[in-house]
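See structure below.
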Amino acid sequence: MTLLSELSCPWPVSEAHCDLTELAPETPVFEGALATASAIMTRMSAYSAGLCEAELRPLGLCPSCRSWSCGRADALHLLGPEGLPVSSVVQVRLGATVYDDSTYYFDGDSKTLYRVPPDSWPRKDEKWSAPGTGEAFVVDTIVGSTPDAWALDVCATLVKELVLSCTGSKCRLPKNVTTVTSQGMTIRLRDKEIYSLIPELGAWVHFMNPHGARLPAKVFSPELQNGSRSCYGR
């Protein structure tokens, strides 16, 4: 399963939204600023805002542990990294083979991935095989929640300030606070320093994550085995 630190969470913000069309910034600079701003806001919200790409491996090694279908359509309950909700399923793979999307159905309310009868999901996952190889069973998903209009406006503001800083233009960030490399963009500021320089960001973070959580909240139910899966139809 993809770790939180490995998630890619690009937010749907354009140069026009950032009011940067007249500056005509270099595309790599804008893309780097957007990737950095998206990562900052997703992390600062404790992953409660932002849609991220995640590879899930919901099956275990043990073939006798498959008991989730309970006589109905074979089903897998999906949970993202650290319990993040699954928003949508992009594709399902077994090794290098991609399942036709007409052979399964994802129910967003129950976060359950159903196999269209009479077919069923594999009984186990070849955990030692990397995604796309061997018999690795992988579900490519989008996890998290869609940013609202307020979040997108704040993200656009942060992107603009990062671009201005990287292009030597007048901005609210100190000079030389950003560095662009082939690996992306680096910001040499603590979170509280960014909040003070960009109050819009500080206000949004305080509303979304007033207690400064670093991980998304989790809900455990005694009705779910191991707190993470259930047998639908009982």
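The values are calculated or read from the model by the stated rules, or taken from the named source; none is laboratory data. None of the values given here were measured: they were computed from a predicted structure. Cβ atoms come from the backbone with ideal geometry, glycine included; neighbour counts cover every protein chain shown.
Things worth noting here:
- In the set Val90, Val138, Val154, only one residue is in a strand (DSSP E or B) and crowded, with 19+ Cβ neighbours inside 10 Å; that residue is Val138.
- Selected residue (criterion: modelled with the lowest pLDDT) from residues of region 164-181 that are assigned to a helix (DSSP H, G or I) and of a type in the set (A, V, I, L, M, F, W, C): Cys166
- Flag for Ala130 being closer than 20 Å to Ser8 by Cβ, modelled with pLDDT of 90 or more and not polar (S, T, N, Q): yes
- Failed item, numbered, when Ser102 is tested on (1) assigned to a helix (DSSP H, G or I); (2) of a type in the set (S, T, N, Q); (3) surrounded by 17 or more Cβ atoms within 10 Å (Cβ to Cβ): (3)
- Scan of region 90-141 for residues that are touching a strand residue (DSSP E or B) at 6+ places or on another chain (Cβ under 9 Å) and of a type in the set (A, V, I, L, M, F, W, C), ordered by number: Val90, Val92, Leu94, Val98, Phe106, Leu113, Val116, Trp121, Ala136, Phe137, Val138, Val139
- Test for Arg229: is it farther than 19 Å from Ala33 by Cα, of a type in the set (Lys, Arg) and modelled with pLDDT under 70: yes
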